[in-house]
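Contents: one structure, followed by commentary.
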Amino acid sequence: MTTFTGQTLAEQIRQFVDTRIIPHEAELAAEHDGASQLSDQLAQEARQAGLSGLFFPDALGGEIATLGDYLLVAFEEGRSEFAPAILGADLTVDAHMLHRFGSPLIHERFAKPLAAGLTVAGYAMSEPDRSGSVPATLAFDARKAADGWCLNGRKWFICRSGRAQFFTVVARTAEDSLSMLLVPADTPGFTYEGGLNILGYWQGQGALSFDQVRIPFSYLLGREGQGRQVMQSRLLLGRMLRSAHWIGLARRCSELMHARIHSPRGSLIPLADKQLVRARVYDVYRAIASAEGLLQTAAAGYDRGETDSIAVNVAKLAASDALSRAVDSAIQVHGAEGLGDGLPLARIHALARATHILDGADEALVSSIGRELLRESAVGDAPEVRYA
């Protein structure tokens, strides 16, 4: 792993996203199965250019040593909602979890092919008729048989479900414990049920069913009953990585808004002289700058080995809010044009709304943050509320 000391990789990523991905967004959005020839071609170009999987673990070919340094790159990866998949960035959490909790067999069978771009991973947690934000409600069943694990149940709203070659599945292996199991997509009894649109747009989510699926005992990630610990590690890192990409997308929406204000059409009114337009510009700038600062604080803690759930969750909420404010203001400034298919804003708006649920619903995170802050301030004779 090389030491990241400047903007070089970030600049290269920005150029690749702006010249190779953004011009093809309409075509990428139209390909429902998410496994298009164009996506594969662009991903191969990124790997050949050394721009894929940049924050993978060192042992799996990563190029950037710290999350704080990676944020500079991740912001640029997030400029298009299609870029993280093409650049391998949306597999970063899987790479870290396989590396950290996987056995030597799992490293060979799953982690190395993932890092080489030969396979795609999915993460199967949410279930129909259950609360995805409350792991205690999950009921997906995994029982020990003579020759391995036997899995039964359904999962839904699973990212990359139509193109993943294997899944990390959250399963109940005992009444009071959860475990993580790796399930290849070609295992008998596994079925991809089809895609699930989000607010009318295809965003790679789908439903899965498992009917008497048998996998070896060795496909256990971590230890039996360690699922909550693995899940927490995954969620905290995943929230920071997603937040960085959402901030990158918010930056792009802000750029589109500014471009429209300064365009010949915007100058006809002129938009730049309108106080309410200026207020939107300020509001978006503040939201993005605040989210960036909060995320950098959370990343610094992660790099010190002191990952703080409060810092991470506050950053996630701020990034979601920044993206929502940025795309909403960009649409408003564009007027009716912002609602159409000629710009990416309507599609981004659907993604922005989903961010308030993905990786932990706002209400669950706000409640958790409040509980933890009150717990901390109740300790000692002179309680203080800490700030990042």
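The values are calculated or read from the model by the stated rules, or taken from the named source; none is laboratory data. The model shown is predicted, which means the values in this text are computed figures rather than measured ones. Glycine gets a Cβ as well: all are built from the backbone with ideal geometry, and neighbour counts include every protein chain shown.
Step by step: first the residues of segment 245-300, then only those that are among the hydroxyl-bearing types (Ser, Thr, Tyr) and over 30 Å from Ile64 (Cβ atoms), then the one that is nearest to the chain's Cα centre (by Cα). Which residue is that?
The selected residue is Tyr282.
Looking at segment 67-124, which of the residues that are among the hydroxyl-bearing types (Ser, Thr, Tyr) and over 17 Å from the mean Cα position of the chain (by Cα) is farthest from Leu38 (Cα to Cα)?
Among those residues, the one meeting the criterion is Ser103.
When the residues of segment 375-386 are narrowed to those that are touching a helix residue (DSSP H, G or I) at 6+ places or on another chain (Cβ under 9 Å) and of a type in the set (D, E, K, R), which ends up modelled with the highest pLDDT?
Within segment 375-386, the match that is modelled with the highest pLDDT is Glu376.
Being closer than 25 Å to Gln15 by Cα and in contact (Cβ under 8 Å) with a residue 24 or more places away in the chain narrows it down to one of Ala65, Ala111, so name that one.
Step by step, each of Ala65, Ala111 is checked, and only Ala65 is closer than 25 Å to Gln15 by Cα and in contact (Cβ under 8 Å) with a residue 24 or more places away in the chain.
Does segment 51-77 hold any residues that are acidic (Asp, Glu) and in contact with a Ser or Thr (Cβ under 9 Å, 6 or more places away or on another chain), and which are they?
Correct list: Glu63, Asp69.
Quick one: is Asp273 loosely packed, with under 15 Cβ neighbours inside 10 Å, touching a strand residue (DSSP E or B) at 6+ places or on another chain (Cβ under 9 Å) and not small (Gly, Ala, Ser)?
no
If you go through segment 103-127 one residue at a time, how many are small (Gly, Ala, Ser) and touching a Phe, Trp or Tyr at 6+ places or on another chain (Cβ under 7 Å)?
The qualifying residues number 5.
Residue-by-condition table, conditions (1) within 21 Å of Pro135 (Cβ to Cβ); (2) exposed (fewer than 13 other Cβ atoms within 10 Å of the Cβ); (3) touching a Phe, Trp or Tyr at 6+ places or on another chain (Cβ under 6 Å); (4) not acidic (Asp, Glu):
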{"site": "Val312", "(1), (2), (3), (4)": "yes, no, no, yes"}
{"site": "Ser329", "(1), (2), (3), (4)": "no, no, no, yes"}
{"site": "Ala336", "(1), (2), (3), (4)": "no, yes, no, yes"}
{"site": "Leu339", "(1), (2), (3), (4)": "no, no, no, yes"}
{"site": "Ile348", "(1), (2), (3), (4)": "no, no, no, yes"}
{"site": "Ala354", "(1), (2), (3), (4)": "yes, no, no, yes"}
{"site": "Val366", "(1), (2), (3), (4)": "yes, no, no, yes"}
{"site": "Gly370", "(1), (2), (3), (4)": "yes, yes, no, yes"}
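Ser209 fails exactly one of the following numbered conditions: (1) touching a Lys or Arg at 6+ places or on another chain (Cβ under 6 Å); (2) of a type in the set (Ser, Thr, Tyr); (3) buried (at least 22 other Cβ atoms within 10 Å of the Cβ). What is the number of that condition?
With respect to (1) touching a Lys or Arg at 6+ places or on another chain (Cβ under 6 Å); (2) of a type in the set (Ser, Thr, Tyr); (3) buried (at least 22 other Cβ atoms within 10 Å of the Cβ), Ser209 is out only on (3).
Please specify each residue of segment 203-230 satisfying the condition of being within 24 Å of Thr191 (Cβ to Cβ), outside any strand (DSSP E or B) and either touching a Gly at 6+ places or on another chain (Cβ under 6 Å) or modelled with pLDDT of 95 or more (or both).
Selection gives Gly204, Pro216, Phe217, Ser218, Tyr219.
Would you pick out the residues in segment 345-374 that are at pLDDT below 95 and assigned to a loop (DSSP other than H, G, I, E, B)?
Once the filter is applied, which keeps residues that are at pLDDT below 95 and assigned to a loop (DSSP other than H, G, I, E, B), segment 345-374 yields Ile357, Leu358, Asp359, Gly360, Ala361.
Out of Ala139, Ala164, I need the residue that is farther than 18 Å from Leu221 by Cα and not hydroxyl-bearing (Ser, Thr, Tyr). Which one?
Being farther than 18 Å from Leu221 by Cα and not hydroxyl-bearing (Ser, Thr, Tyr) holds for just one of Ala139, Ala164, which is Ala139.
Being within 22 Å of the chain's Cα centre (by Cα) and not basic (Lys, Arg) is the requirement here; does Pro188 meet it?
Here the answer is no, as Pro188 does not meet what is asked.
Please go through segment 170-180 and pick out each residue that is in contact (Cβ under 8 Å) with a residue 12 or more places away in the chain and either charged (D, E, K, R) or out of contact with any Gly (no Cβ under 9 Å at 6 or more places or on another chain) (or both).
Answer for segment 170-180, where residues must be in contact (Cβ under 8 Å) with a residue 12 or more places away in the chain and either charged (D, E, K, R) or out of contact with any Gly (no Cβ under 9 Å at 6 or more places or on another chain) (or both): just Arg172.
Does Ala330 count as in contact with a Cys (Cβ under 6 Å, 6 or more places away or on another chain) and either assigned to a helix (DSSP H, G or I) or without any contact (Cβ under 8 Å) to a residue 12 or more places away in the chain (or both)?
Yes; evaluated as a whole, the condition is true for this residue.
Of all residues in segment 228-254, which are surrounded by fewer than 24 Cβ atoms within 10 Å (Cβ to Cβ) and among the small types (Gly, Ala, Ser)?
Ser233, Gly238, Ser254
Examine segment 130-140 for a residue that is over 21 Å from the mean Cα position of the chain (by Cα) and closer than 16 Å to Ile215 by Cβ, and state whether such a residue exists.
Checking segment 130-140: at least one residue is over 21 Å from the mean Cα position of the chain (by Cα) and closer than 16 Å to Ile215 by Cβ.
Restricting to segment 120-162, what's the tally of residues that are touching a helix residue (DSSP H, G or I) at 6+ places or on another chain (Cβ under 9 Å) and within 17 Å of Gly88 (Cα to Cα)?
6
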